[in-house]
Structure formats: C-alpha cells, structure tokens
Amino acid sequence: MGLKIKGMCLNCEDTMVFPFGGARLNFSTTQEVLAINHKSMTYETVNFLNDYYKKDHWLYTDERLKDKNVLTDELDFFDKIEHGEMVLNKRNNFCLKCHENELNFMVVGCFD
Ligand SMILES: [Zn+2]
C-alpha cells in the first residue's frame, strides 16, 4: 500500500499532493516519490527503483533536499515518513518555489 502525501510550505504556502511508495501489485517495481527536476525546475514524481531519474532529478529522500541541520538518522519515528527504503523528513524540506527549507509533509491518505 502506498501513501498519499501532502506537501505544504510554511513560508510561501505552496502545496502539492503526491504518491509515496507503491501499490500491492507493483510494489517490487514501482516506488514513487516526489522529486525536483533540476533541469526544468519543476516538481515531478519519479520511480525510486529506476535509475533514469539520477541525471535530472533530486529526490525528497535525498539529504540534499532536507534541512542540513537535521539528519534523518537522528529523527524519531514521529518526525519522518518511511516506506520501504525511502524516508521523508516531515519538516524543513527544500521548497522549490521560495527556496526556503520550510516544506512540510503529512500523510493524507493511501492507495492500493
Ligand atoms: Zn515555499
């Protein structure tokens, strides 16, 4: 079962909803996560299990889009969203619109 995540920036109030993880039937081949395409500077959802994204995308599971002062390993269970190997920090992620580390994520549903 995958999760639906809502992102909301506390600084500029930009919002987005994206799938996180994979559904039951394709869990082993598709694990979706939000990313920034740094060529077009847009948000895109990519498959964590494929390599194609590595050239043009930064994933929100990457430390580079998380607050430099907050290491995911030091966060407790309630401050992160985990799905398989992927981990999102709930707070202080990089916002593409205002370039502040004010993008927060919350689980708003799931898909199967
Ligand atoms: Zn923002």
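Nothing in this text is a laboratory measurement; each read-out follows from the coordinates by a stated rule. Keep in mind that what you see is a predicted model, and the values were worked out from it rather than measured. Here the Cβ is made from the backbone with ideal geometry for all residues, glycine too, and neighbour counts use every protein chain on show.
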Whole Å is fine, so just give me how far the alpha carbon centre of region 1-60 lies from that of region 76-98.
-> 11
Per residue convex hull volume, Cα only, region 2-111, in Å³ is 97
What's the extension gain from Asp56 to Leu25 if we count 0.36 nm per residue and subtract their Cα-Cα distance?
-> 8.4 nm
For the chain, cysteines whose Cβ has no other cysteine Cβ within reach (under 4.7 Å) = Cys110
